[in-house]
Amino acid sequence: MKPSLICCLQGLSEDTRYHIANHYHCTTHPSILGEHILKAIHQGLMEQIHPWEQYVMEFLVFQWGDRPFSEEDPVLRSLSLSPSRFRTALILLRRKGLVYKLRNQPGGWVHWCPREIRRTFLTARDSEPISTEDLVLNEQDGAFSKGLWEGLFQFAVQLEREGLPLTRQGEVMRSAVRKLEVELDISDEGLHFSRWKGAAGSPVIQLVADCAERLGILKKETHRWMADREFLSRWLFLPWSSRIQELFGLTEDLLLEDHPEWDGLWWEMMRYSGGWISFRETCLHWLEMKGTPFHTSFLEKTDKHWLCTLEALGWVQRKEQKGEVFWRWTPWAPPVGTEIPDMKGYVKPDFEILIPTFFPLHQRFLLAQFADCMGGEPLITYELSYSSVQRGLKRGFTEKDMLEVLEGISGGPPPDNITESLRGWTNDRRRPILEEVWLLWLPESDMWGLDAEKRRKWGIKSVSDGVFIVPQQQVEEVKSVLEAEGCTPVRKGDEEPWWRCMQGEPQLDEQPLTEEAVLVDPRYPSPKEAIPGWKQLPKIWTSGLRSYHSSTLGVILKKAASMELDVLYSFGNNEPSRFTPTEVFRSGEQWLVTGKDADGQKRQLYLKDMVKVQLLSPWNDLT
């Protein structure tokens, strides 16, 4: 549950958006309002807000990171800002559209600062990344790791082809694991410290299964994993730029789920688009921004848990030289912004088909139905054989379908020997053939434009008076002739193979996955909501500094501790001080109170020394 800024704004009431829009002098439309909020941050909004708000924003950006939080989280009690002031600051930030209150199913509420807000806050603080140098490393540049999409594609092909059988414990069968690991061809070396290493079974399979499930491609059934064809079709038809951006965003989500406190480090890495850079310098620059001392342990941990994982997923290159780690984004990573060119493949006379890395996946998926993937870099090799073509026939492909796929790959007809071999393999008479055909009934002996020449050309055979067998591949031609004669035939039977929609130009929606709906508190909150029950307190306790009997003083301080209120107290002839009590207790003959002073430091006071006391309302400090 990490909704975008636009999603959060859409969840607010029109009246709440009206109040927020007044602050930024714009309309209430969520997209326009979101743009103005981010623009205001760029232009110095954070220097204009209340110091309590600044404190909370810095905590959320530099310490808390990419995760919602509850007001009851114990971590918040350790901050120097008292709970009542922290809650007041949250309300002020909600009134500016910087923080949102979300319903945490099945119960309770949490607060969330959207990524766009946090990242813009950081950019406004430091708009220039540290410069990269053209480092010359001793090691020659090796081949890039295959992109995440490669393993995901091979996994999806296997899911759609026959699925993956599961054991009684719900794990993929070992025989299927061994076969799949070979086909995925992903090294698990970089996954040793990732979330997938700790899971049962192969970390590589856990990785692609996790990604496939989040994309909707993986459908988990009781005894088998299968492909959800609707989501698979959508993913295969995405343009490469959209697919890479989606997988990169998915990678970001997965890494930040395990280490949300490193959100700022991810932002720091996203700012680089050039050559090799020291990972130590990257971490050091981020730690300096958040005001945290550098420790080697942090560098080692982020390298193992993040950089190595990113390398395994094909997003970065990583090298070590003289004990120091260097890194850079791969050319296709979104921070680099390299344009993905349109590429064609090559059908060789030796029955090999060479496919470039960024070949359209929906066409490659069709090829995978009747050709075997043999791997290879940088070009991926597929091989045609008798057995692979027979597999394609079982999947509903005809000789014509296969030739159309091969022609689409190379942009022209395949070599003659390929065509002849396909014709021979698809018309094999050495074994029984069970062929799908269509029956055509023509009433009243009217041929409706299907003369003898057309019937002979298309292989239409008569089985009785007015009843004909139509080959599967000729159904559309027959339908066109009948429609031209003014008669649209009634079709009965099963639908065509689902993959036929992939032939020709993509027709599916190429929009990214829709964002999961969340319930946002739609109200425009009042600062007084920070202290529930304030109105029920005796006004004498809140209206000014007063002296009280020791027993009454104990009651007041216990009430302040239970409601997490700040108190103002005078100590002798000194100026009144702010104090946040947490516990009142007796030690021997004396009553004491523990808590934090105005600077957030732990203190312990004797009740007898607190001459005068007043319960403070945090909103009075805002004026």
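The values are calculated or read from the model by the stated rules, or taken from the named source; none is laboratory data. For clarity, every value in this text was computed on a predicted model and none was experimentally measured. Cβ atoms come from the backbone with ideal geometry, glycine included; neighbour counts cover every protein chain shown. Side chains included, ligands, DNA and RNA excluded: accessible areas come from the protein's heavy atoms. Shrake-Rupley method; radii C 1.70, N 1.55, O 1.52, S 1.80 Å.
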For Ala452 paired with Ser385, estimate the spin-label separation in nm (one decimal), with each label point 7 Å from Cα along the Cα-to-Cβ line.
4.7
The answer for the stretch 438-485, accessible area per residue at 1.4 Å probe in Å², is 64
Under the rule a/c < 1.5 gives rounded, and otherwise a/b versus b/c splits prolate from oblate, where does the stretch 346-427 land using the Cα gyration tensor?
prolate
Val99's amide H: which non-local residues (gap 5+, or another chain) put their own amide H closer than 5 Å, with H modeled 1.01 Å from N in plane and none for Pro or chain starts?
Arg94
Please list 3J(HN,Hα) in residue order for the stretch 375-381, calculated via the Karplus relation 6.51 cos²θ - 1.76 cosθ + 1.60 where θ = phi - 60°; whole Hz, with x for glycine and proline.
x, x, 9, x, 8, 8, 9
If DNA, RNA and ligands are ignored and the probe is 1.4 Å, what is the ranking of Leu440, Leu98 by accessible area, most exposed first?
Leu440, Leu98
Round to the nearest 10 and give me the degree value, 0 to 90, for the angle of helix 30-42's Cα axis relative to the longest principal axis of the chain.
50
Could you tell me which residue out of Phe468, Gly337, Val61 lies farthest along the dipole of the chain toward its positive end? Charges go on the beta carbon: Lys and Arg +1, Asp and Glu -1, centred on the Cα centre.
Val61
Are there GluC sites (Glu not before Pro) in the stretch 344-441 that DSSP puts in a loop and that have at most 14 other Cβ atoms within 10 Å, and which ones?
Glu435, Glu436
Decide, for the stretch 438-485, between rounded, prolate and oblate: order the square roots of the alpha carbon gyration tensor eigenvalues as a ≥ b ≥ c, take rounded if a/c falls under 1.5, and otherwise choose prolate if a/b is larger than b/c, else oblate.
rounded
For helix 115-125, report the angle its Cα long axis makes with the longest principal axis of the Cα atoms of the chain; keep it between 0 and 90° and round to the nearest 10°.
60
If packing is taken as the average number of other Cβ atoms within 10 Å across a peptide's residues, how do 609-616, 160-167 rank, most packed first?
609-616, 160-167
Under 25 Å from the Cα of Lys528, which lysines turn up, not counting those fewer than eight places away in the same chain?
Lys96, Lys101, Lys539, Lys558, Lys559, Lys596, Lys612
How far apart, in nm, are two points set 7 Å out from the Cα along the Cα-to-Cβ line at Thr419 and at Lys612?
10.3
FRET efficiency estimate (nearest 0.05) - Cβ-Cβ, Gln473 to Glu246, R0 41 angstrom
0.70
Counting only heavy atoms of protein chains, what accessible area per residue, in Å², does the stretch 10-57 have with a probe of 1.4 Å?
53
Spelling out what I want: for every residue of the stretch 558-563, take phi, set θ = phi - 60°, compute 6.51 cos²θ - 1.76 cosθ + 1.60 (Karplus), and round to whole Hz; glycine and proline get x.
5, 5, 4, 5, 5, 9
May I ask you to evaluate 6.51 cos²θ - 1.76 cosθ + 1.60, the Karplus curve with θ = phi - 60°, for each residue of the stretch 164-180 and list the ³J(HN,Hα) values in order in whole Hz, giving x for glycine and proline?
10, x, 10, 7, 5, 7, x, 9, 5, 4, 4, 4, 5, 4, 4, 5, 6
How much FRET efficiency would the formula 1/(1 + (r/R0)^6) give for Ser70 and Glu324, where r is the Cβ-Cβ distance and R0 is 35 Å, rounded to 0.05?
0.30
Of the accessible area of the stretch 250-346, computed with a 1.4 Å probe and all protein chains kept, carbon and sulfur make up a percent value of 48
Return one number: the angle in degrees, 0 to 90 and rounded to the nearest 10, between the long axis of the Cα atoms of helix 279-290 and the longest principal axis of the Cα atoms of the chain.
40
Round to the nearest 10 and report in Å² the accessible area of His549, as given by a 1.4 Å probe over the protein chains' heavy atoms.
120
Each label sits 7 Å from Cα toward the beta-carbon; between Asp126 and Glu230 the label points are separated, in nm, by 4.6
Would you please calculate the Kirkwood hydrodynamic radius of the chain over all C-alpha pairs and express it in Å, rounded to one decimal?
30.0
Given the C-alpha centroids of the stretch 71-116 and the stretch 142-181, what is the distance between them in whole angstrom?
42
Quick tally, 1.4 Å probe accessible area for Cys7, Cys211, sorted with the most first, runs Cys7, Cys211
Result for the stretch 544-623: accessible area per residue, probe 1.4 angstrom, in square angstrom, of 56
Protection proxy ranking, peptides 592-601, 334-343, 303-312, average beta carbon neighbours within 10 Å, highest first
303-312, 592-601, 334-343
Could you look at the stretch 5-125 and say what percent of its accessible area is carbon and sulfur, using a 1.4 Å probe and all protein chains?
51
Report the Cα centroid-to-centroid distance between the stretch 569-623 and the stretch 272-324 in angstrom, as an integer.
45
Once the mean 1/r over all distinct Cα pairs of the stretch 532-620 is inverted, what Kirkwood radius in angstroms do you read off?
13.0
Contact order relative to length for the stretch 5-125, counting C-alpha pairs under 8 Å separated by 6 or more residues, stands in percent at 31
Per the rule of 0.36 nm per residue minus the C-alpha distance, extending Asp15 to Lys179 adds in nm 53.2 nm
What area, in nm² and to one decimal, does the C-alpha convex hull of the stretch 146-329 cast on average over all directions?
11.4
Calculate, in nm to one decimal, what Lys461 and His192 gain on full extension: separation in residues at 0.36 nm each, minus their alpha carbon distance.
90.6 nm
Relative contact order of the stretch 146-329, defined on C-alpha pairs under 8 angstrom at six or more residues apart (%)
24
Gain in length, Ser550 to Glu404, computed as 0.36 nm per residue apart minus the alpha-carbon separation, to one decimal in nm?
43.3 nm
Return the calculated 222 nm mean residue ellipticity for the chain, to the nearest 500 deg cm²/dmol, obtained by summing -39500 (n - 2.57) across DSSP H runs with n ≥ 4 and dividing by the residue count.
-11000 deg cm²/dmol
With an 8 Å cut-off on Cα pairs and a minimum separation of 6 or more residues, tell me the relative contact order of the chain in percent.
15
With all protein chains in place and a 1.4 Å probe, Met289 shows an accessible area in Å² (nearest 10) of 40
